[in-house]
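Chemist: Following this message is one structure expressed as structure tokens.
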Amino acid sequence: MSDYSVEIKPSARKELETLPDNALARAVRKIDSLAHAPRPAGCKKLKGYKDQWRVRVGDWRVVYVIDDAAKLVSVTRIAHRREGLRVSGAQNAGAQVSNSTPHGTSVNAS
């Protein structure tokens, strides 16, 4: 199996730079390892997304897209587990977005 190229999107790079030193070192090692194994043990495919995956690095999650045809891994988000995975619509073509609150009331987007 040949290696993949790994790119880090600018927004993910900013998130990476804000990590504490110990988490930063672990995240960089994990991201580098995605070139050899883009679907490592423990990774999860994100439901509702075509080729988007996540992998845990301690209390942090690295979200990335795998393009097997181009042999490319694109890191799109790095977030603490407590933040959840809020992914923008541009990264999730075809996903439906609800305009309702958790209580079922509608939100006016004006």
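Chemist: When you go through (1) modelled with pLDDT under 50; (2) of a type outside the set (Val, Ile, Thr); (3) closer than 18 Å to Val28 by Cβ one by one for Asn92, which number turns out not to apply?
Modeler: (3)
Chemist: Right, here's the next one. Pairs under 7 Å by beta carbon, first residue under 10 Å from Val62 (Cβ atoms) in segment 26-44, partner part of a helix (DSSP H, G or I) and among the aliphatic types (A, V, I, L, M), six or more apart or different chains?
Modeler: Taking only residues 6 or more apart or on different chains, the pairs are Ala27/Leu16.
Chemist: While we're here: Considering (1) within 14 Å of Val65 (Cα to Cα); (2) surrounded by 14 or more Cβ atoms within 10 Å (Cβ to Cβ), say which one Glu15 fails and leave the rest.
Modeler: (1)
Chemist: Within segment 1-16, count every residue that is within 16 Å of Asp32 (Cβ to Cβ), not basic (Lys, Arg) and not in a loop (DSSP other than H, G, I, E, B).
Modeler: Matching residues across segment 1-16 total 6.
Chemist: Something else about it: Name every residue in segment 1-15 that is at pLDDT below 95 and of a type in the set (A, V, I, L, M, F, W, C), in order of residue number.
Modeler: Within segment 1-15, Met1 is the sole residue that qualifies.
Chemist: Working only within segment 19-63, note down all residues that are in contact with an Asp or Glu (Cβ under 9 Å, 6 or more places away or on another chain) and of a type outside the set (A, V, I, L, M, F, W, C).
Modeler: His36, Pro38, Lys45, Asp51, Arg61 - these are the residues of segment 19-63 that are in contact with an Asp or Glu (Cβ under 9 Å, 6 or more places away or on another chain) and of a type outside the set (A, V, I, L, M, F, W, C).
Chemist: Across segment 32-65, what is the number of residues that are exposed (fewer than 13 other Cβ atoms within 10 Å of the Cβ) and touching a Leu at 6+ places or on another chain (Cβ under 9 Å)?
Modeler: Final tally of qualifying residues: 1.
Chemist: Could you tell me which numbered condition Lys30 fails, if it satisfies all but one of (1) among the charged types (D, E, K, R); (2) modelled with pLDDT of 95 or more; (3) farther than 16 Å from Arg77 by Cα?
Modeler: If we test Lys30 against (1) among the charged types (D, E, K, R); (2) modelled with pLDDT of 95 or more; (3) farther than 16 Å from Arg77 by Cα, just (3) comes out false.
The values are calculated or read from the model by the stated rules, or taken from the named source; none is laboratory data. Predicted, not measured: the structure shown is a model, and the values here were computed from it. Because the Cβ atoms are built from the backbone with ideal geometry, glycine has one as well, and the counts that use them run over all protein chains shown.
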